[in-house]
Amino acid sequence: MAFKYTIHEDEVEAKDLPGRKHKMIIGPKNFGKAKNMCFGTAVFPPHTHAPSHVHPSEEEIIYIIQGCGEMYFNSEPEPLTPGTCVYVPPGIEHSINNKSDVPLKLIYVFSPPVEQGSYDKK
């Protein structure tokens, strides 16, 4: 059988992380075995706040698909609506607050890749 280049997000099981369900779809230990990045989705239930965290050496790009809320950078809020694209540089504290009555869903890319939840405060 030839190498498979496609996967549907429904084929990936979500991992429960504080304030969200997280699916890492592509990454070093996931589909595709990407070495320099990872990609996935996260869903934040209505009216929840995911705790702040920092990625010490990873850049992150986030794209909002559904829901409305705020993204906090060093405790300062910025609005999130569908179509919002976010760049999170390494070392910046950030968190997400879902202010809507529907789940807030986003897609993300990290480079270099991260381990799911390794950056959450314990």
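The values are calculated or read from the model by the stated rules, or taken from the named source; none is laboratory data. Small disclaimer: the values here were computed from a predicted structure and weren't measured. Cβ atoms come from the backbone with ideal geometry, glycine included; neighbour counts cover every protein chain shown. Each accessible area value is taken on the protein alone, full model and side chains, heavy atoms only, with ligands, DNA and RNA left out. Shrake-Rupley method; radii C 1.70, N 1.55, O 1.52, S 1.80 Å.
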For region 85-92, just list the computed ³J(HN,Hα) in residue order, Karplus coefficients 6.51, -1.76 and 1.60, θ = phi - 60°, integers in Hz, with x standing in for Gly and Pro.
-> 10, 10, 10, 10, x, x, x, 9
Diffing region 62-69: the Karplus 3J(HN,Hα) column from phi (6.51, -1.76, 1.60, θ = phi - 60°), in whole Hz with x for Gly and Pro, holds 10, 10, 7, 9, 8, x, 9, x
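Given 15/99; 23/105; 4/29; 21/99; 4/105; 21/105, which pairs have Cα atoms separated by over 19 Å? Walk me through the intermediate numbers first.
Details: 15/99 22 Å; 23/105 11 Å; 4/29 15 Å; 21/99 17 Å; 4/105 26 Å; 21/105 10 Å.
Result: 15/99; 4/105 exceed 19 Å.
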What is the set of long-range amide H partners of residue 31 at a cut-off below 5 Å, with H atoms built 1.01 Å from backbone N?
-> none
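For region 38-100, with all protein chains present and a 1.4 Å probe, just round the carbon and sulfur fraction of the accessible area to a whole percent.
Numbers: 1750 of 2950 Å².
The computed percentage sits at 60.
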Modelled label-to-label distance, residue 9 and residue 21, 7 Å Cα→beta-carbon offset: nm?
-> 1.1 nm
How much accessible area per residue does the chain have, in Å², with a 1.4 Å probe?
-> 57 Å²
Please list, in chain and number order, the residues 5+ apart from residue 59 or on another chain whose amide H is under 5 Å from its amide H, with Hs placed from the backbone.
-> 111
